[in-house]
Number of protein chains: 2
Amino acid sequence: MKNQYQGRRKFIQKVAVGTMASLSFPSIISNAFAAAKPKKIVIEKNSIILFQGDSITDASRDRNSMRPNDTGALGTGYAHFAAADILQQAADKNIKIINRGVSGNKVYQLAERWQQDALDLNPGVLSVLVGVNDYWHLRRGTYKGTIRTYRDDYKALLQKTKDKFPDIKLIIGEPFALPGSAVSKTWFPDFHEYRYVASELAVEFQAAFIPYQSVFDEAIKRAPEGYWSADGVHPLLPGARLMSLAWLEAVKLP
Amino acid sequence: MKNQYQGRRKFIQKVAVGTMASLSFPSIISNAFAAAKPKKIVIEKNSIILFQGDSITDASRDRNSMRPNDTGALGTGYAHFAAADILQQAADKNIKIINRGVSGNKVYQLAERWQQDALDLNPGVLSVLVGVNDYWHLRRGTYKGTIRTYRDDYKALLQKTKDKFPDIKLIIGEPFALPGSAVSKTWFPDFHEYRYVASELAVEFQAAFIPYQSVFDEAIKRAPEGYWSADGVHPLLPGARLMSLAWLEAVKLP
């Protein structure tokens, strides 16, 4: 799939820049963001913030609770950590936070449940992280979609969302993978295409882009890959917290 | 129970001081801490940090996982939030964090399981939050222990711990209660005795003291009690995050 997308190599070079070993967190996030040049999302009073995605977003959320801001309903991943900080800080702003990530989802599976699990919830801010399964399941032969399927399905999903809610604020997370029990070196460079497509869509839809791969690339200078994720796909506790801090960097609270 | 303890009234006046409505988090925590004058605990490399207490610490932790630093094993409360920040920030310091809070526990129940659930774990830092059930269950008639039982049992537990580990670093959390479905105004001033005893023991055992009641007293200037806790005893998501920030204020990472 090399050379399929103009600019891919340039993009990867750009986000991979990070020559200084950073020991304190803020500089790690700042370095990654300086490279990715994200848009800052302003969260308004009375906002409904919806997190969508796969298992990384799902993070064992309690399917029996549909209440916004509920501890169980938010899972124990990055969405939960971001929610806790937002709700603590913006306590008087009537913000509602919802998680509808579902383990194993690829883009077409988000699309299948998009009406009830996204549009019907009337989100003012929509955060999506999807892509690792689109590659992983193709690779292991349980899925036929290619990088082009990913791009076309993802674009259609975002377009449908924008058509329904022209003023919605979008946040797109970069798919990421670290060497781990589920991820070998042979994932790369093909997997990088998914990162690139996500960043490209973020630009196209004027979304904030959260460069998770770059954030983890910096983090592994502080502790080995296995500290942040055992399988290379699902973050462990410090990895999930790190992701939430990157996410929070992209928003401004009311 | 009025006038049972010398200095109680003075203490309560002291921690209740908080005349400025604080809108940003850091000043709230700082105000509460300025009043309580806590000791700062330095967390060393290779530390084992143990959280002990009742349901507020337990926070639905997974009893099937005993692994330190495991997401499920840490629950979803303040201990989990504090752990995530410590593990993210001090990624290369080989810190192990364990939660052994058990719902419903009073001090004597901590004592019953202290050998296996505290001493055997060889903690370098021990954080305890206990007291609300000691009052609540007495009040509702399912427990006979008084404020004196609480003080004597708690003191014996801490003394036993210090005898075994003379260099252990102790963190004592202030029991707290907010008006809520389980807490009426008639809890006060009697409940304040438990706060006072905890603070007194913190001084006696050179522990850091986390003034949770003062932290929540400040927080309710930003959003009503029910935003932080529905029943007045168990924090909701923003309340748990707030508690973790107060806890983290009392420690210095390696």
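Scanning region B:181-211 for residues that are in a loop (DSSP other than H, G, I, E, B) and in contact with a strand residue (DSSP E or B) (Cβ under 6 Å, 6 or more places away or on another chain), we see that the one that is nearest to B:Thr57 (Cα to Cα) is B:Ala207. Looking only at residues in region B:213-254 that are of a type in the set (D, E, K, R) and touching an Asp or Glu at 6+ places or on another chain (Cβ under 8 Å), the one that is farthest from B:Val128 (Cα to Cα) is B:Arg222. For region A:158-180, the criterion of being within 30 Å of B:Leu87 (Cα to Cα), in a loop (DSSP other than H, G, I, E, B) and over 18 Å from the mean Cα position of the chain (by Cα) is met by at least one residue. All of (1) facing chain B (nearest Cβ under 10 Å); (2) closer than 18 Å to A:Leu170 by Cα hold for A:Asp92 with one exception: (2).
Would you confirm whether any residue within region B:39-53 is buried (at least 24 other Cβ atoms within 10 Å of the Cβ), in a loop (DSSP other than H, G, I, E, B) and in contact with a strand residue (DSSP E or B) (Cβ under 7 Å, 6 or more places away or on another chain)? Among the residues of region B:39-53, not one is buried (at least 24 other Cβ atoms within 10 Å of the Cβ), in a loop (DSSP other than H, G, I, E, B) and in contact with a strand residue (DSSP E or B) (Cβ under 7 Å, 6 or more places away or on another chain), which makes the answer no.
The listed residues are A:Glu174, A:Glu200, and the only one of them that is away from chain B (no Cβ under 14 Å) and modelled with pLDDT under 95 turns out to be A:Glu200. Filter region A:122-138 for residues that are surrounded by 15 or more Cβ atoms within 10 Å (Cβ to Cβ), outside any strand (DSSP E or B) and of a type outside the set (Ser, Thr, Tyr) and give the result. Within region A:122-138, A:Pro123, A:Gly124, A:Val130, A:Gly131, A:Val132, A:Asn133, A:Asp134, A:Trp136, A:His137, A:Leu138 meet the criteria. Once region B:64-97 is narrowed to residues that are hydroxyl-bearing (Ser, Thr, Tyr) and under 23 Å from B:Ile210 (Cα atoms), the residue that is surrounded by the fewest Cβ atoms within 10 Å (Cβ to Cβ) is B:Thr76. Can you confirm whether B:Ile210 is surrounded by fewer than 19 Cβ atoms within 10 Å (Cβ to Cβ), under 24 Å from A:Ile86 (Cβ atoms), touching a Phe, Trp or Tyr at 6+ places or on another chain (Cβ under 9 Å) and β-branched (Val, Ile, Thr)? Considered against the rule, which asks whether it is surrounded by fewer than 19 Cβ atoms within 10 Å (Cβ to Cβ), under 24 Å from A:Ile86 (Cβ atoms), touching a Phe, Trp or Tyr at 6+ places or on another chain (Cβ under 9 Å) and β-branched (Val, Ile, Thr), B:Ile210 comes out as no.
Scanning region A:219-245 for residues that are assigned to a helix (DSSP H, G or I) and more than 11 Å from chain B (Cβ to nearest Cβ) yields a total of 2.
Considering every residue within region B:86-100, establish whether at least one is free of Cβ contacts under 8 Å to residues at least 12 places away in the same chain and among the hydrophobic types (A, V, I, L, M, F, W, C). Yes: region B:86-100 contains one or more residues that are free of Cβ contacts under 8 Å to residues at least 12 places away in the same chain and among the hydrophobic types (A, V, I, L, M, F, W, C). Scanning region A:179-201 for residues that are within 23 Å of A:Thr146 (Cβ to Cβ) and touching a residue at least 40 places away in the same chain (Cβ under 8 Å) yields a total of 16. One residue stands out among those in region A:59-79 that are free of Cβ contacts under 8 Å to residues at least 60 places away in the same chain and within 17 Å of A:Val128 (Cβ to Cβ): the one that is nearest to the other protein chains (Cβ to nearest Cβ), which is A:Leu74.
Given the condition modelled with pLDDT of 95 or more, closer than 19 Å to A:Phe205 by Cα, within 16 Å of the chain's Cα centre (by Cα) and not in a loop (DSSP other than H, G, I, E, B), answer yes or no: does some residue in region A:101-120 qualify? There is at least one residue in region A:101-120 that is modelled with pLDDT of 95 or more, closer than 19 Å to A:Phe205 by Cα, within 16 Å of the chain's Cα centre (by Cα) and not in a loop (DSSP other than H, G, I, E, B).
Residues in region A:148-157 that are within 17 Å of the chain's Cα centre (by Cα) and aliphatic (A, V, I, L, M): how many?
Of the residues in region A:148-157, 1 are within 17 Å of the chain's Cα centre (by Cα) and aliphatic (A, V, I, L, M).
The condition of being within 14 Å of chain A (Cβ to nearest Cβ), more than 23 Å from B:Glu44 (Cβ to Cβ) and not in a loop (DSSP other than H, G, I, E, B) holds for only one of B:Ile86, B:Ile56, B:Ile97, that being B:Ile56.
The values are calculated or read from the model by the stated rules, or taken from the named source; none is laboratory data. What you see is a predicted model; the values in this text were computed from it and never measured. Every residue, glycine as well, gets a Cβ built from its backbone with ideal geometry; the counts of neighbours run over all protein chains shown.
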